[in-house]
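Each remark here refers to the structure printed beneath this line.
The values are calculated or read from the model by the stated rules, or taken from the named source; none is laboratory data. As the structure is a prediction and not an experimental result, all values here were calculated from the model. For neighbour counting, all protein chains shown are included, and Cβ atoms are generated from backbone atoms with ideal geometry for every residue, glycine included.
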Amino acid sequence: MGMGWCCSETGNDDLAIDYHLRSLAALEQANLPFQVANALDNLAETYGERQQWEKAEAYKLRSYAIREKGTNPYIKLLTQLSMARLYIHTHRYPVAELHLAQATQMAGQHYPALLYEVHRDQALLHMHTQAWPQAIAALQLFWQNRKQAGDKTDLTHAHLQLGLCYTATQQYKEADKHLQTALATAHRQKSLKQLEKIYEALSALAREQQQHKEALEYLQLYNHYREQRINQTTEHRIVLMQMQYETQKKDEEIAALRQQLQAGHTPAVAAQYGLSPREREILQLLVAGNSYKAMAQALRIEYETVRTHLKRLYAKLSVSNNTEAVAKAVKEGLV
């Protein structure tokens, strides 16, 4: 799934959709329901980025039907949040509230450490319905949790959203403070997508205060970073298409091997390559199609720790990427 995600992150939505559809077909043929659900989610999110909500909902509902048959409370919680976000963006707020209520209950019972994700989506709902005090309260809870966890990406998001809320409530000094903090972090992370959004928000804030010169300067910077992101997308397109072809071949090999395993043709188990118990857990989650963030949450470790384990894992298996690691694990019966 990493290839499709890479395409989406650089703005290659058409390429991402094509890759996700190919992955979906291979996974359906291999009869791997939960990996199929992941592919459906990826398609839904990509169509959501394009605001093609009808298609996004169709794929999301198919994924939801698969995941509801499972018993893993962690997956069920994330599914409820995902459905809530879909219905928030399609302005079906009562349905979104039902999913958020279920997610809140499930997080409280099973995963209190994930309540920050509930707060983030509650804030999104309140912002859409212009319930600004409630949005600010939810965002402050989200911000406090992410600050404690040291998650700079989520902190940037929190400061940006707080800036938008304070602008809407004419608390301009607070709005500027949060947007400037978000801006500094986004510059350090060199996130063109975040910089684009933050400069757009700063321009709107300046206009609200009748600061037309500053509004124009921020709008010019918004255009600058938007153009940079578009140019970067164009430069990456050919490379990504080449990667797609190579990765597709590996995915076909993985799907065939998984099908053999399900049919009972289990390959001989090879030596364990000296993997630690944690590295085996990481490998199992990788084979199941989990993202780095999902692995970190499932194992209750930091995102960077997951990356460190994966680097060691690659070295021990003599592979260079996720696809090769999954192929080797399945082929040699390491999971």
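Annotations
- Restricted to segment 249-279, and to residues there that are within 30 Å of residue 152 (Cα to Cα) and surrounded by fewer than 16 Cβ atoms within 10 Å (Cβ to Cβ), the residue that is modelled with the highest pLDDT is 278.
- Out of 182, 186, sole residue that is closer than 18 Å to residue 136 by Cβ, within 21 Å of the chain's Cα centre (by Cα) and small (Gly, Ala, Ser): 182
- In the condition set (1) closer than 18 Å to residue 80 by Cβ; (2) out of contact with any His (no Cβ under 8 Å at 6 or more places or on another chain); (3) touching a residue at least 24 places away in the same chain (Cβ under 8 Å), residue 99 is compliant with all but (3).
- Put simply, of 319, 287 the only residue that is closer than 21 Å to residue 42 by Cβ and modelled with pLDDT of 75 or more is 287.
- Pairs where the first residue, in segment 121-145, is under 15 Å from residue 157 (Cβ atoms) and the second is part of a loop (DSSP other than H, G, I, E, B) and modelled with pLDDT under 95, C-beta under 9 Å, 6+ apart: 145/151
- Against the list (1) at pLDDT below 95; (2) among the hydrophobic types (A, V, I, L, M, F, W, C); (3) closer than 19 Å to residue 196 by Cα, the condition residue 107 fails is (3).
- Top-ranked residue in segment 306-335 [being of a type in the set (Gly, Ala, Ser) and in contact (Cβ under 8 Å) with a residue 24 or more places away in the chain; ranked as farthest from residue 291 (Cα to Cα)]: 333
- Conditions (1) modelled with pLDDT under 80; (2) within 16 Å of residue 23 (Cα to Cα): number failed by residue 326: (1)
- Looking only at segment 295-322, and only at residues there that are closer than 15 Å to residue 153 by Cβ and of a type in the set (A, V, I, L, M), the one that is nearest to the chain's Cα centre (by Cα): 296
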